[in-house]
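**Q** Structure below; questions to follow.
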Amino acid sequence: MKSIIHRFTTAAIALIAVAASVPEAHATLLSIDGSGSFKFTSKESYFSGGRAQTGRYRNLGAGYYHSAQYTVNRITNSSSYKSASMSFELWSMAYLGATSGPILMTYGLGPLKGGYHYSTPTAYGKAVSLNKYRFPEFDLFEYRDSKWRYRDTLVFTTKSLL
(Lines give C-alpha, C1' and ligand atoms only; values in the text may rest on other atoms or scores of the structure.)
Protein backbone atom coordinates (compact mmCIF):
# COMPACT_ATOMS: atom_id res chain seq x y z
CA MET A 1 0.00 0.00 0.00
CA LYS A 2 2.80 2.36 0.92
CA SER A 3 4.42 1.63 -2.45
CA ILE A 4 1.30 2.68 -4.40
CA ILE A 5 0.96 5.95 -2.45
CA HIS A 6 4.65 6.64 -2.97
CA ARG A 7 4.31 6.05 -6.75
CA PHE A 8 1.26 8.34 -7.01
CA THR A 9 3.02 11.05 -5.01
CA THR A 10 6.13 10.76 -7.19
CA ALA A 11 4.01 10.89 -10.37
CA ALA A 12 2.09 13.93 -9.11
CA ILE A 13 5.31 15.78 -8.25
CA ALA A 14 6.76 14.95 -11.68
CA LEU A 15 3.58 16.18 -13.40
CA ILE A 16 3.63 19.46 -11.46
CA ALA A 17 7.32 19.97 -12.31
CA VAL A 18 6.67 19.42 -16.03
CA ALA A 19 3.65 21.77 -16.02
CA ALA A 20 5.63 24.47 -14.23
CA SER A 21 8.50 24.25 -16.73
CA VAL A 22 6.36 24.73 -19.87
CA PRO A 23 6.98 28.27 -21.19
CA GLU A 24 3.96 30.52 -20.83
CA ALA A 25 2.93 33.01 -23.51
CA HIS A 26 2.89 36.46 -21.94
CA ALA A 27 0.68 39.30 -23.07
CA THR A 28 2.92 42.34 -23.31
CA LEU A 29 1.71 45.44 -21.44
CA LEU A 30 1.93 47.98 -24.26
CA SER A 31 0.24 51.38 -24.00
CA ILE A 32 -0.14 54.67 -25.83
CA ASP A 33 0.72 57.39 -23.31
CA GLY A 34 -0.01 61.12 -23.35
CA SER A 35 -1.68 62.96 -26.19
CA GLY A 36 -1.44 62.65 -29.95
CA SER A 37 -1.73 64.74 -33.07
CA PHE A 38 -2.11 64.28 -36.80
CA LYS A 39 -2.03 66.38 -39.94
CA PHE A 40 -2.77 65.84 -43.60
CA THR A 41 -1.82 67.78 -46.69
CA SER A 42 -4.74 69.09 -48.68
CA LYS A 43 -3.31 67.67 -51.91
CA GLU A 44 -4.80 64.33 -52.81
CA SER A 45 -3.66 61.80 -55.37
CA TYR A 46 -5.47 58.78 -56.74
CA PHE A 47 -3.64 55.46 -56.59
CA SER A 48 -5.30 52.59 -58.45
CA GLY A 49 -3.24 49.97 -56.61
CA GLY A 50 -3.27 51.67 -53.23
CA ARG A 51 -0.17 52.81 -51.33
CA ALA A 52 2.18 50.52 -49.46
CA GLN A 53 1.87 50.56 -45.66
CA THR A 54 4.39 49.35 -43.08
CA GLY A 55 1.99 48.11 -40.36
CA ARG A 56 -0.21 45.04 -40.25
CA TYR A 57 -2.04 45.95 -43.48
CA ARG A 58 0.37 46.30 -46.39
CA ASN A 59 -2.17 47.72 -48.85
CA LEU A 60 -5.38 49.56 -48.04
CA GLY A 61 -6.63 49.48 -51.64
CA ALA A 62 -7.29 51.90 -54.44
CA GLY A 63 -8.57 55.39 -53.81
CA TYR A 64 -7.55 58.91 -52.96
CA TYR A 65 -4.60 59.33 -50.61
CA HIS A 66 -2.89 62.34 -49.10
CA SER A 67 0.36 62.76 -47.25
CA ALA A 68 -0.10 62.21 -43.54
CA GLN A 69 1.77 62.46 -40.29
CA TYR A 70 0.60 61.32 -36.87
CA THR A 71 2.34 61.06 -33.52
CA VAL A 72 1.85 60.37 -29.80
CA ASN A 73 3.93 61.29 -26.76
CA ARG A 74 5.03 57.72 -25.98
CA ILE A 75 4.43 54.07 -26.61
CA THR A 76 5.46 52.20 -23.47
CA ASN A 77 6.22 48.55 -22.71
CA SER A 78 5.44 48.14 -19.00
CA SER A 79 6.29 44.43 -19.11
CA SER A 80 9.55 42.92 -17.95
CA TYR A 81 10.00 41.15 -21.32
CA LYS A 82 10.42 42.22 -24.94
CA SER A 83 7.39 42.91 -27.12
CA ALA A 84 6.90 41.58 -30.62
CA SER A 85 6.57 43.80 -33.72
CA MET A 86 3.83 46.42 -33.49
CA SER A 87 1.41 48.20 -35.79
CA PHE A 88 0.55 51.83 -34.93
CA GLU A 89 -2.63 52.69 -36.84
CA LEU A 90 -4.85 55.65 -37.73
CA TRP A 91 -8.54 54.75 -37.83
CA SER A 92 -11.67 56.72 -38.75
CA MET A 93 -14.76 56.17 -36.57
CA ALA A 94 -18.27 57.20 -37.61
CA TYR A 95 -19.26 58.11 -34.05
CA LEU A 96 -17.61 58.45 -30.66
CA GLY A 97 -17.41 55.01 -29.06
CA ALA A 98 -17.54 53.08 -32.35
CA THR A 99 -15.65 49.78 -32.31
CA SER A 100 -14.89 49.56 -36.03
CA GLY A 101 -14.25 51.79 -38.98
CA PRO A 102 -11.93 52.23 -41.94
CA ILE A 103 -8.19 52.13 -41.37
CA LEU A 104 -6.56 55.16 -42.98
CA MET A 105 -2.90 54.32 -42.43
CA THR A 106 -0.70 51.75 -40.68
CA TYR A 107 2.86 52.19 -39.47
CA GLY A 108 5.14 49.37 -38.33
CA LEU A 109 7.25 49.61 -35.18
CA GLY A 110 9.95 47.17 -34.14
CA PRO A 111 9.99 45.19 -30.90
CA LEU A 112 10.43 47.12 -27.66
CA LYS A 113 12.41 45.87 -24.66
CA GLY A 114 10.61 45.45 -21.36
CA GLY A 115 10.53 48.64 -19.28
CA TYR A 116 11.38 50.85 -22.30
CA HIS A 117 9.37 53.25 -24.45
CA TYR A 118 9.36 54.93 -27.84
CA SER A 119 9.47 58.67 -27.29
CA THR A 120 7.26 60.63 -29.73
CA PRO A 121 6.91 57.88 -32.36
CA THR A 122 5.79 59.54 -35.58
CA ALA A 123 4.26 57.88 -38.62
CA TYR A 124 4.87 59.44 -42.04
CA GLY A 125 3.30 58.25 -45.27
CA LYS A 126 0.16 58.20 -47.36
CA ALA A 127 -3.25 57.90 -45.70
CA VAL A 128 -6.57 57.09 -47.31
CA SER A 129 -8.65 60.23 -47.83
CA LEU A 130 -12.33 59.85 -46.91
CA ASN A 131 -13.22 63.54 -47.29
CA LYS A 132 -15.69 63.12 -44.38
CA TYR A 133 -15.90 64.42 -40.84
CA ARG A 134 -15.15 61.51 -38.53
CA PHE A 135 -13.63 60.76 -35.12
CA PRO A 136 -9.94 59.87 -35.53
CA GLU A 137 -8.44 57.13 -33.37
CA PHE A 138 -4.96 55.66 -32.93
CA ASP A 139 -4.79 51.93 -32.24
CA LEU A 140 -1.81 49.82 -31.24
CA PHE A 141 -1.51 46.13 -32.15
CA GLU A 142 1.22 43.58 -31.43
CA TYR A 143 2.07 40.50 -33.53
CA ARG A 144 2.19 37.71 -30.96
CA ASP A 145 1.49 33.97 -31.27
CA SER A 146 1.07 34.31 -35.06
CA LYS A 147 -1.80 36.81 -34.65
CA TRP A 148 -2.23 40.55 -34.42
CA ARG A 149 -3.36 41.33 -30.85
CA TYR A 150 -5.01 44.60 -29.82
CA ARG A 151 -3.05 46.49 -27.11
CA ASP A 152 -4.30 50.10 -26.70
CA THR A 153 -6.28 53.03 -28.17
CA LEU A 154 -6.08 56.81 -28.13
CA VAL A 155 -9.47 58.35 -29.00
CA PHE A 156 -9.97 61.92 -30.25
CA THR A 157 -13.28 63.34 -29.03
CA THR A 158 -13.64 65.97 -31.76
CA LYS A 159 -14.65 65.29 -35.36
CA SER A 160 -12.05 66.10 -38.01
CA LEU A 161 -12.04 66.12 -41.78
CA LEU A 162 -10.43 62.84 -42.73
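The values are calculated or read from the model by the stated rules, or taken from the named source; none is laboratory data. Computed from a predicted model, the values in this text were never measured in an experiment. Cβ sites come from the backbone with ideal geometry, for glycine too, and all protein chains shown count toward neighbours. Keep in mind that these areas ignore ligands, DNA and RNA; they rest on the heavy atoms of the full protein, side chains included. Shrake-Rupley method; radii C 1.70, N 1.55, O 1.52, S 1.80 Å.
**Q** Going by a ≥ b ≥ c, the root eigenvalues of the Cα gyration tensor, does the stretch 33-73 fall in the rounded group (a/c under 1.5), the prolate group (a/b larger than b/c) or the oblate group?
**A** Oblate shape, in that a/c is at least 1.5 and b/c is the bigger or equal ratio.
**Q** Report the FRET efficiency, 1/(1 + (r/R0)^6), for N131 and R74, where r is their Cβ-Cβ distance and R0 is 35 Å, rounded to 0.05.
**A** The formula returns an efficiency of 0.65 here.
**Q** Another one. So with the 1.4 Å probe, I'd like the accessible area per residue for the stretch 75-161, rounded to whole Å².
**A** Accessible surface, normalised per residue, equals 50 Å².
**Q** Any of K39/K113; K82/K126; K39/K159 with alpha carbons more than 19 Å apart? Name them for me.
**A** Violating the 19 Å Cα-Cα cut-off are K39/K113; K82/K126.
**Q** Answer with one residue from Y65, W91, N77: the one whose Cα lies farthest towards the positive end of the charge dipole of the stretch 43-104, charges on Cβ with Lys, Arg +1 and Asp, Glu -1.
**A** Ranked along the dipole, the leading option is N77.
**Q** So what's the net charge close to R58: Lys and Arg +1, Asp and Glu -1, counting the other residues with Cβ under 14 Å from its Cβ?
**A** +2
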